[in-house]
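> Sharing a structure here in structure tokens format.
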Amino acid sequence: MKFTRRSSLRDVAAAVGRALREAGFDAVLTGGACATIYSRGAYVSHDLDFIVRSGGSRAALDAALGGLGFKRVHDRYVHPATTFYVEFPRGPLSIGNDTNIRPVELKIGKITIPALSPTDSCRDRLAAFYHWSDRQSLRSAVDIALRAPVSMTTIRRWSEREGAADKFAEFQAELARRRR
Amino acid sequence: MVITSSPFGGQARTRVLLALRLLDESYPRELARVLELPVSGVQMAVRGLERDGLVAGRTAGRMRLVRLNPRYFAREELQRYLLTLAGADAVLQNRVAELRRRPRAAGKPA
């Protein structure tokens, strides 16, 4: 796939996800990229974070992304034709204290890639709100919940386990306010 | 700015409390930026709020970090009231939501 300045985050995520899978990597799209996709662009990220759960060496990673025109600069893969860049944060795949994360197969055009579910992406943003008081992340979590199917029961139970029942109530109130 | 009444004794005092409710912890220069108030005005408001026991501060390096006093006797009621007041101030909410508080790895583009 050839990237241009007009390539969207979804285009890049799909191409990278497919290249990783073809190279034998089990890599899950996480973080801000999922928030961008599920919030339908209400939140903007230029950073595609994949957590590698199994796969080959750094050299194999370089080769897989190199085939798409990405070059590694330290730990980041950049491309001359797009502002989106790819990183591989250290695992495990976790949200707060929860390490039992089940990725979904996210369909982008004709390609499917493993990614956080909308509920987990929402929880991922809320974790930053709960633990860093990051209200930008609260807004992203609300944007996701407004535009993608999320399980409020799952989010509530996890919030209680994180000791953030009061902040979950704030999330609910903000969601209700934005729905009005 | 939406707040027209000053239930905490002055516009600056009230707005500093609202911002601290949303930010959890902050410092006068950041509060001044968010509230579009002079730093000196924010510092004066913070000093008064500290004297009244509504706000508590600590020093980190050369910075004075302040937050709503966790030991204030009516902390929970105060937090609820401030959140209700802040809910009516869309401008403040937007400015606070523009601030990134979560960590960013060293060297990562902003």
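The values are calculated or read from the model by the stated rules, or taken from the named source; none is laboratory data. Source: prediction; values computed, not measured. Glycine also receives a Cβ, built like all others from the backbone with ideal geometry; neighbour counts cover every protein chain displayed. When the accessible area is computed, the model is the full protein with side chains, heavy atoms only, and any ligands, DNA or RNA have been set aside. Shrake-Rupley method; radii C 1.70, N 1.55, O 1.52, S 1.80 Å.
> Go over the candidates A:50, A:84 one by one and state the one that is aromatic (Phe, Trp, Tyr), at pLDDT 95 or above and closer than 30 Å to residue B:94 by Cβ. Talk me through it step by step, then tell me what you get.
Details: A:50 fails: closer than 30 Å to residue B:94 by Cβ.
Going through A:50, A:84 in turn, just one is aromatic (Phe, Trp, Tyr), at pLDDT 95 or above and closer than 30 Å to residue B:94 by Cβ: A:84.
> Does any residue of segment A:145-165 turn out to be within 11 Å of chain B (Cβ to nearest Cβ) and either open to solvent by 10 Å² or more (accessible area, probe 1.4 Å) or in contact (Cβ under 8 Å) with a residue 24 or more places away in the chain (or both)? Show your work before the answer.
Of all residues in segment A:145-165, those within 11 Å of chain B (Cβ to nearest Cβ) come to none.
For segment A:145-165, residues within 11 Å of chain B (Cβ to nearest Cβ) and either open to solvent by 10 Å² or more (accessible area, probe 1.4 Å) or in contact (Cβ under 8 Å) with a residue 24 or more places away in the chain (or both): absent.
> Take the residues of segment B:58-94 that are in contact with a Leu (Cβ under 8 Å, 6 or more places away or on another chain) and open to solvent by 60 Å² or more (accessible area, probe 1.4 Å): which is modelled with the lowest pLDDT?
Step by step, filter segment B:58-94, then rank; the result is B:75.
> If you don't mind, another one. Within segment B:2-41, can you find the residues that are of a type in the set (Val, Ile, Thr) and either open to solvent by less than 50 Å² (accessible area, probe 1.4 Å) or within 17 Å of residue B:52 (Cβ to Cβ) (or both)?
Answer for segment B:2-41, where residues must be of a type in the set (Val, Ile, Thr) and either open to solvent by less than 50 Å² (accessible area, probe 1.4 Å) or within 17 Å of residue B:52 (Cβ to Cβ) (or both): B:3, B:14, B:16, B:34, B:39.
> Picking from A:43, A:38, which residue would you name as being of a type in the set (Phe, Trp, Tyr) and within 14 Å of chain B (Cβ to nearest Cβ)?
A:43
> To continue, here is another question. Can you tell me which residue within segment A:12-39, out of those that are among the charged types (D, E, K, R) and touching a residue at least 60 places away in the same chain (Cβ under 8 Å), is farthest from residue A:100 (Cα to Cα)? Let's see the steps before the verdict.
First pass over segment A:12-39, keeping only residues among the charged types (D, E, K, R): A:18, A:21-22, A:26.
Now drop any that are not touching a residue at least 60 places away in the same chain (Cβ under 8 Å), which leaves A:18, A:21, A:26.
Working: A:18: 24, A:21: 22, A:26: 16 Å.
Result: A:18.
> Conditions first: (1) surrounded by 15 or more Cβ atoms within 10 Å (Cβ to Cβ); (2) within 14 Å of chain A (Cβ to nearest Cβ). Residue B:55 passes all but one, so which condition is the exception?
(2)
> Does any residue in segment B:90-110 that is at the interface with chain A (Cβ under 7 Å from one of its Cβ atoms) come within less than 7 Å, Cβ to Cβ, of a residue that is open to solvent by less than 60 Å² (accessible area, probe 1.4 Å) and aliphatic (A, V, I, L, M) six or more places away or on a different chain, and which pairs are these?
From segment B:90-110, the pairs are B:96/B:19; B:96/B:22; B:96/B:23; B:96/B:34; B:102/A:128.
> Could you list, in sequence order, the residues of segment A:124-140 that are touching a residue at least 60 places away in the same chain (Cβ under 8 Å) and either open to solvent by less than 30 Å² (accessible area, probe 1.4 Å) or farther than 22 Å from residue A:102 by Cβ (or both)?
A:125, A:139, A:140
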